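Enquirer: Sending over a structure as structure tokens; questions will come in a sec.
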Amino acid sequence: MSRAPLLQVQHLSTQLGSLRVLEDLNFCVYPGETFALLGESGCGKSMTALSLLRLLPPNGRIVSGQVHLNGRDLLQLPEFAMRQVRGGQLAMIFQEPQTSLNPVLTLGQQLAESLRLHRGLSGQAISERAVDLLKAVGIPDPERRLGEYPHQLSGGMKQRVMIAMALAGEPKLLIADEPTTALDVTIQAQVLALLKQLQRDTGLAVLLITHDLGVVAETADRLAVLYAGQILETGPSQAFFERPLHPYSRKLLESLPDPQKRGAPLATIEGRVPPLDQRFSGCRFAPRCPLAQEICHQEIPPWHQLDGERGVRCFLWESTPPLVPVRPVSEKIREAGETLLQVEGLRVHFPIRGGLFRRVRGAVKAVDGVDLCLRRGQTLALVGESGCGKTTVGKAILRLIPITAGTIQYDGQDLARLRPRALRPYRKELQIIFQDPFASLNPRLLVGESIAEGLQALGLVPDPKARRRRVVQLLEQVGLDASAYERYPHEFSGGQRQRICIARALAVEPKLILCDEPTSALDVSVQAQILNLLRRLQQDMGLSYLFISHNLSVVAYLAQEVAVMYLGRILEYGRVEEILEAPQHPYTRALLSAVPQIYRTKKQIIRLPGELPSPAQPPPGCHFHPRCPEAGPDCLQPPPKIKRSETHWVRCVRRR
Amino acid sequence: MSAYLLRRFLYAFPILLGVNCLTFALFFLVNSPDDMARMQLGQKRVTPEAIEQWKRERGYDKPLFYNGEASGWGRFTETIFFEKSLRLFLFDFGSSDAGRDIGYDIAQRMWPSLAIAVPVLLVGLLVNLSFALFLVLFRGTYIDLGGVVLLVALLSISSLFYIIGGQYLLGKLLRLAPISGYDTGLHAWKFLVLPVIVGVLSGIGSGTRLYRTFFLEEAAKDYVRTARAKGLSERLVLFRHILGNALIPILTGVVVVLPLLFLGSLLTESFFGIPGLGSYTLDAINNQDFAIVRAMVFLGSVLYILGLVLTDLSYVLVDPRVRLH
């Protein structure tokens, strides 16, 4: 390779207190390319970015190494010269656009800072350039936006502003730290396309930091896999996805849920990432590696540099076989059981109050006429982007929030009509698992107490000793040690906490569990464990799941039926094969195409313009028509429900 | 916004009525007018006639809530509750049990109170902010650590010690300022120096520590990282980004006490002999003059409610995210 690298990182090691968070990192980024740093949480990807910018937290320091940008070693620069580099040659965008902009300064003021500092502009020139930048990142009406504050923009728009701010100094390299993780798939597709286009226009190089294999496959030219502060493998991304060399990389790929893997358990990585306050005597992945030999535990594997710019840190790289394409396992078609839960015409409206006496002035129609049908022992997935009302549907079914209209038939009884006292027996039947396992366990209660609480409150197992036995049995059922009973939630990892939450839901022997994004806060390998557990419990106990998710690959793996939701309404409903293979609604098609995929076979990404409208003022007729590529004047009428098969219907006038 | 203000104004009425009922119950039901008269007249020559006359002179001879002898609205208005409590709503404070016009006294004594409280607040804010910014600039160093130790020490000392210590050191030993007293008009300034210094000093410990926490909290936020990643200097990051956001809780904390400055300080004013509203209240309590105490409690409640409304308004001014409906 003859081209000179733009950024060359050599032997970079960083400490955070006593933790060696980065150990001997070597990689380079060439002009104009996208280089991805791939890794799960805690592997040191963000620390790498902060080390390059020399913006480590107060207890962090770079122990050794060189970081050459355009031939200059950044680690040797005095601080004032480094400030010229930050934003000027090396800009960064962050994961959380919501909190990464200063809330009390206008967008114009925040953009002006960079323009003044790095481009030496002043006065009128600043606002002209700022307008150009906002235009370049696709923000409509940029002149007006300059005077606005960050809270007046949606998440996707804020990330565009962050990109505009990063571009203001005309950097050579943009570090993007999980730039789309906090965004919805259709917005993610917009932002990734914007980055690609900016790269084409300006020759910008991007260092993409992410945990999302799909995003890497779609955007990166080359990549490095980071594990426990060390690079395990580098290479061009195409070659990597065809044949990952390191066992860890293989495991990551195999643990991704996929419709092809339905019916079979996902590959998982046992154990946890090792603590970084130790001196390693062997391979860092060896304790969790299924292929590990004696030598892996005793010697630190050397770096093997191979042809085609590939490299790997493993003794056994030559013996790793190429990835076997997954053969679709024919799932036992389970008897479509009787209906357990039937929801009809569910509406949840939140009043908007205003004026002197706070009278109701309007309503946020979070859920506006939803029909669902869940059969015994099956999984129905409710899919949609954030703000579409899917969580509200779940809470309404459990009667955790007041219902405006509709019926919820559970086992022949309409839950919507029951008074609180009459509802109590049904609390045992329907349970819930929440998205964030860190926030959904009371930190002051022992794990055992949390799990036993339902048994006690509903008077199911009054005897304390019997209750304890039951809790221990539940802990074992979800794959935790009985000793977990006496411990507090903070002692567990995210995946373990989600297991505790599952045990808590199982405690009262429910028939239906509402899973509200149960894996979206977890790493891929941990997600696989939880999905396997949920699948096994369903098979063993005949549970029914109402699975709320924005992640279509998880849904495709787990669910039998799918309902696609948009702005309080269901647009399409059908068996999972029907939805995945023959999606009817333009929104479903766009949503499916926007999911980043590793092995994209055919279709183009359908990019939706704009964002989800406010449910306080939904568009007339079909809610989707302002963003719909197929919209016509007849979409202003309420869309008809068109039946495509016994199990598949779509609400769209174009499919008549 | 105007709807919000009007609603808050309407809410104030039931609150103040409640405050009035409570103070009324405390002062008239627990402690009957007869008891008041006996206390005021002293123990020696208390005859039933003297008590009756004392009550008649001050209007305490009427029924509490309902006057059966009067006619029409008079049945409700010619009562102690109406005359002594409900009139407060018109800021008609009546006369004190010693016979002085309370409204006039308050208007007179308000100014000395303000003359101390306003400089203490402004100078204190300036000192605390600068000190906190200084510590934040050196955060994580021994300067920061030493500063926090000093603040905790300052915080742990009783405010009485500051007063007496200040009077002894500056007044008695160094003879820089008079120990106590007050003068009219601009001549009062030399009597104000010592109380203001003492007031500022005794507030440094708690104020600076609080502001330092606000600054550190903001310094850990994501947008500060963004600002640094832009290449801004530490000075710009501190003054433009961190200060701008940390000023929101600081300013609103100041606004809430603004109206209460009128009431002065009980301790400082009595120790330094300042004829303000603080010492007025304290004297009234000592003299069992319940008319004054009642008036001051009511005034305090009104000013407190005003302070809360002003706080909400100040949020709208300094924080672009807040809108009142």
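The values are calculated or read from the model by the stated rules, or taken from the named source; none is laboratory data. This one's a predicted model, so the numbers in the text were calculated from it and none came from an experiment. Cβ: placed from backbone, ideal geometry, glycine included. Neighbour counts: every protein chain shown. Ligands, DNA and RNA are stripped out before the accessible areas are found, and what is left, the full protein with its side chains, is counted by its heavy atoms. Shrake-Rupley method; radii C 1.70, N 1.55, O 1.52, S 1.80 Å.
Enquirer: Residues in the stretch B:207-232 near a label at A:Thr202, defined as backbone nitrogen under 19 Å from the 7 Å Cα→Cβ point?
Expert: B:226-232
Enquirer: Mind jotting down the distance between the C-alpha centroids of the stretch A:520-556 and the stretch A:43-89, whole Å?
Expert: 40 Å
Enquirer: Could you tell me the largest-minus-smallest coordinate of the C-alpha atoms of chain B on each of the three principal axes, in descending order and whole angstroms?
Expert: 83, 58, 34
Enquirer: Hey, another quick one. If you count, for each residue, the other Cβ atoms within 10 Å and average over each peptide, how do A:167-178, A:57-68 line up from highest to lowest?
Expert: On the way: A:167-178: 22.7, A:57-68: 14.8.
Ranked by mean Cβ neighbours within 10 Å, highest first: A:167-178, A:57-68.
Enquirer: Hey, got the average number of other protein chain Cβ atoms within 10 angstrom for residues in B:239-251?
Expert: Numbers: counts 0, 5, 5, 1, 0, 5, 4, 0, 1, 2, 0, 0, 0.
Partner-chain Cβ atoms within 10 Å, mean over residues of B:239-251: 2.
Enquirer: Straight-line reach from A:Lys641: which aspartates and glutamates have a Cα under 19 Å away, not including same-chain ones fewer than 8 places off?
Expert: A:Glu344, A:Asp368, A:Asp371, A:Glu561, A:Glu572, A:Glu578, A:Glu630
Enquirer: Also: Can you tell me how the stretch B:149-233 classifies by the Cα gyration tensor, rounded, prolate or oblate, using a/c under 1.5 as the rounded cut?
Expert: Values: a/c = 4.13, a/b = 2.44, b/c = 1.69.
Cα axes put the stretch B:149-233 in the prolate bin.
Enquirer: Please report, in debye to the nearest 20, how large the charge dipole of the protein assembly as shown is about its Cα centre when each Lys and Arg carries +1 at its beta carbon and each Asp and Glu carries -1 there.
Expert: It works out to roughly 960 debye.
Enquirer: Still on this structure: Report which residues of the stretch A:148-163 become buried by 10 Å² or more of accessible surface when going from the isolated chain to the complete set of protein chains (1.4 Å probe; DNA, RNA and ligands ignored).
Expert: A:Tyr149, A:His151
Enquirer: Expected output is a single nm value to one decimal: the length gained when fully extending between A:Thr181 and A:Asp634, i.e. 0.36 nm times separation in residues minus the C-alpha distance. What is it?
Expert: Working: separation 453, 0.36 × 453 = 163.08 nm, distance 3.61 nm.
Answer, rounded to one decimal: 159.5 nm.
Enquirer: Something else about it: Cut-off under 27 Å on the C-alpha distance; same-chain residues fewer than 8 positions from B:Lys55 excluded. Which lysines are left, in chain and number order?
Expert: Within the straight-line limit of under 27 Å, B:Lys55 reaches these lysines: B:Lys44, B:Lys84.
Enquirer: Other chains' Cβ within 10 Å of B:318-324 residues: what's the mean?
Expert: 3
Enquirer: May I pose another question? Among all helices in chain B defined by DSSP H, which have a length of 18 Å or more along the axis from Cα atoms plus a Kyte-Doolittle mean of at least 0.5? Intermediate results must be reported in sequence, preceding the final value.
Expert: Values: long enough: B:2-24 (33 Å, 1.19); B:102-137 (50 Å, 1.68); B:142-156 (21 Å, 2.10); B:189-219 (41 Å, 0.86); B:243-257 (21 Å, 2.16); B:290-318 (41 Å, 2.01).
Once both thresholds are applied, what remains is B:2-24, B:102-137, B:142-156, B:189-219, B:243-257, B:290-318.
Enquirer: Further, regarding this structure: What quantity of accessible surface, computed with a 1.4 Å probe and excluding non-protein components, is buried in total between chains B and A, in Å² to the nearest 100? Before the final figure, lay out the partial values.
Expert: Details: alone 18280 and 28630 Å², together 44520 Å².
Buried: approximately 2400 Å² between A and B.
Enquirer: What ranking, highest mean first, results for peptides B:226-239, A:408-421 when packing means the other Cβ atoms within 10 Å averaged over each residue?
Expert: Working: B:226-239: 19.5, A:408-421: 14.4.
Packing order, densest peptide first, comes out as B:226-239, A:408-421.
Enquirer: First measure r as the distance between the Cβ atoms of A:Glu486 and A:Glu299, then evaluate 1/(1 + (r/R0)^6) with R0 = 45 Å and state the FRET efficiency to the nearest 0.05. Walk me through the intermediate numbers first.
Expert: Values: r = 39 Å, r/R0 = 0.87.
Given R0 = 45 Å and the Cβ-Cβ separation, E is 0.70.
Enquirer: If you take the beta carbon distance between B:Leu324 and B:Ala98 as r and set R0 to 45 Å, what does 1/(1 + (r/R0)^6) give as a FRET efficiency, to the nearest 0.05?
Expert: On the way: r = 44 Å, r/R0 = 0.98.
With R0 = 45 Å, the Cβ-Cβ based efficiency is 0.55.
Enquirer: Counting pairs of alpha carbon atoms under 8 Å apart in space and at least six apart in sequence, what relative contact order in percent does the stretch B:2-90 give? Intermediate values should be presented prior to the final figure.
Expert: Details: 47 pairs, mean separation 19.0, N = 89.
With pairs under 8 Å counted, the relative contact order is 21 percent.
Enquirer: Could you tell me the distance between the Cα centroids of the stretch B:10-78 and the stretch B:115-177, to the nearest Å?
Expert: With the stretch B:10-78 and the stretch B:115-177 each reduced to a Cα centre, they are spaced 46 Å.
Enquirer: Then there's this: Please calculate the 1.4 Å probe accessible area of B:Leu160, with all protein chains present, and give it to the nearest 10 Å².
Expert: In the full protein context, B:Leu160 sits at about 70 Å².
Enquirer: Same structure, new question: Roughly how many Å² is the accessible area per residue of the protein assembly as shown, as a whole number, for a 1.4 Å probe?
Expert: Numbers: 44520 Å² over 981 residues.
That works out to 45 Å² per residue.
Enquirer: To continue, here is another question. Using only the Cα atoms, work out Rg/Rh for the stretch A:201-325, with Rh taken as the Kirkwood radius, to two decimals.
Expert: Details: Rg = 15.3 Å, Rh = 15.8 Å.
Rg divided by Rh gives 0.97.
Enquirer: Note down the nm distance, to one decimal, between modelled labels 7 Å out along Cα→Cβ at B:Leu126 and at A:Arg656.
Expert: In this crude label model, B:Leu126 to A:Arg656 measures out at 7.7 nm.
Enquirer: How much solvent-accessible surface does A:Glu128 expose, in Å² to the nearest 10, with a 1.4 Å probe and all protein chains in place?
Expert: That residue has around 110 Å² of solvent-accessible surface.
Enquirer: On to the next question. How much length, in nm to one decimal, is gained on full extension between A:Leu291 and A:Glu509, taken as 0.36 nm per residue of separation minus their Cα-Cα distance?
Expert: Length difference between fully extended and current span is 74.6 nm.
Enquirer: At a 1.4 Å probe, what is the % contribution of carbon and sulfur to the accessible area of the stretch A:1-69? Please report the intermediate quantities before stating the final value.
Expert: On the way: 1320 of 2550 Å².
Looking at the stretch A:1-69 in its full context, I get 52 percent from C and S.
Enquirer: Rank by packing, highest mean first: peptides A:86-99, A:235-248, A:280-293, A:628-641, with packing defined as the count of other Cβ atoms within 10 Å averaged across residues. Numbers along the way, then the final one.
Expert: Details: A:86-99: 23.1, A:235-248: 20.1, A:280-293: 18.1, A:628-641: 14.4.
Top to bottom by mean Cβ count within 10 Å: A:86-99, A:235-248, A:280-293, A:628-641.
Enquirer: Over chain A, calculate the relative contact order: mean separation of alpha carbon pairs under 8 Å at least 6 apart, over the residue count, as a percent. All intermediate terms of the calculation are to be shown ahead of the outcome.
Expert: Details: 1251 pairs, mean separation 82.2, N = 656.
In percent, rounded to a whole number, it is 13.
Enquirer: In whole Å, what is the distance between the alpha-carbon centres of the stretch B:244-259 and the stretch A:567-631?
Expert: Centre-to-centre (Cα) distance: 47 Å.
Enquirer: Around A:Arg359, under 14 Å between beta carbons, what's the net of Lys plus Arg minus Asp minus Glu among the other residues? Walk me through the numbers before you get to the answer.
Expert: Numbers: positive: A:Arg353, A:Arg358, A:Arg361, B:Arg7; negative: none.
With Lys, Arg at +1 and Asp, Glu at -1, the net is +4.
Enquirer: Tell me, which residues of the stretch A:95-111 get at least 50 Å² less accessible area when the other protein chains come in, versus the chain alone (1.4 Å probe)?
Expert: Correct list: A:Asn102, A:Pro103, A:Val104.
Enquirer: Okay, next question. Ignoring any ligand, DNA or RNA, what whole percent of the accessible area of the stretch B:2-90 comes from carbon and sulfur when the probe is 1.4 angstrom? The partial results should precede the final answer.
Expert: Working: 3470 of 5600 Å².
Carbon and sulfur together cover 62 percent of it.
Enquirer: What is the mean number of Cβ atoms from other protein chains located within 10 Å of the Cβ atom of each residue in peptide B:216-228, rounded to a whole number?
Expert: Details: counts 0, 0, 1, 1, 1, 4, 9, 11, 2, 8, 13, 8, 8.
Going residue by residue through B:216-228 and averaging, the value is 5.
Enquirer: Sticking with this one: At a Förster distance of 51 Å, what's the computed FRET efficiency of B:Lys172 paired with B:Leu303, Cβ-Cβ distance as r, to 0.05?
Expert: 0.90
Enquirer: To one decimal place, what Kirkwood hydrodynamic radius in Å is obtained for the stretch B:2-90 from all pairs of distinct Cα atoms? The partial results should precede the final answer.
Expert: Numbers: mean 1/r = 0.0670 Å⁻¹.
This gives a value of 14.9 Å.
Enquirer: For chain B, what does the helix formula give at 222 nm: sum of -39500 (n - 2.57) over DSSP H segments with n ≥ 4, over the residue count, nearest 500 deg cm²/dmol? Working shown, then result.
Expert: Values: 13 runs with 206 residues, N = 325.
Value at 222 nm, helices only, nearest 500: -21000 deg cm²/dmol.
Enquirer: Separate question: Tell me, what is the percent relative contact order of the stretch B:102-318, built from C-alpha pairs under 8 Å that lie six or more residues apart? Kindly include the intermediate steps, with their values, before the conclusion.
Expert: Details: 223 pairs, mean separation 62.3, N = 217.
Answer for the stretch B:102-318 is 29 percent.
Enquirer: On to the next question. Quick one: putting +1 on the C-beta of Lys and Arg, -1 on the C-beta of Asp and Glu, what dipole do you get for chain B around its Cα centre, in Debye to the nearest 20? Numbers along the way, then the final one.
Expert: On the way: 29 positive and 24 negative charges, 231 e Å.
The dipole magnitude comes to about 1100 debye.
Enquirer: Return the distance in nm (one decimal) between the two label points of a simple spin-label model at B:Trp111 and B:Leu41, each offset 7 Å from Cα along Cα→Cβ.
Expert: Simple spin-label model gives 3.9 nm for this pair.
Enquirer: What shape does the stretch A:8-89 have by the C-alpha gyration tensor, where a ≥ b ≥ c are the square roots of the eigenvalues, rounded means a/c under 1.5, and otherwise prolate means a/b greater than b/c and oblate the rest? Don't skip to the answer; put the middle values down first.
Expert: Values: a/c = 1.66, a/b = 1.15, b/c = 1.44.
Cα axes put the stretch A:8-89 in the oblate bin.
Enquirer: What share of the DSSP beta bridges in chain A is antiparallel, in percent to the nearest 5?
Expert: Beta bridges within chain A, antiparallel portion: roughly 60 percent.
Enquirer: Quickly work out the A:Leu75-to-B:Asp222 label distance, labels modelled 7 Å from Cα along the C-beta direction, and quote it in nm with one decimal.
Expert: Result for the modelled spin labels: 2.9 nm.
Enquirer: Once the mean 1/r over all distinct Cα pairs of the protein assembly as shown is inverted, what Kirkwood radius in angstroms do you read off?
Expert: On the way: mean 1/r = 0.0296 Å⁻¹.
About 33.8 Å, per the Kirkwood formula over Cα pairs.
Enquirer: Residues with beta-carbon under 12 Å from that of B:Pro178, excluding B:Pro178: net charge, scoring Lys, Arg +1 and Asp, Glu -1? Could the numbers behind the result be given before it?
Expert: On the way: positive: B:Lys172, B:Arg175, B:Lys190; negative: B:Asp183.
Within the 12 Å Cβ shell, the charges total +2.
Enquirer: Still on this model: Based on the alpha-carbon gyration tensor of the stretch A:122-182 and its eigenvalue square roots a ≥ b ≥ c, which shape applies: rounded if a/c is under 1.5, prolate if not and a/b is larger than b/c, or oblate?
Expert: On the way: a/c = 2.32, a/b = 1.20, b/c = 1.93.
It is oblate, given that a/c is not under 1.5 and a/b is not larger than b/c.
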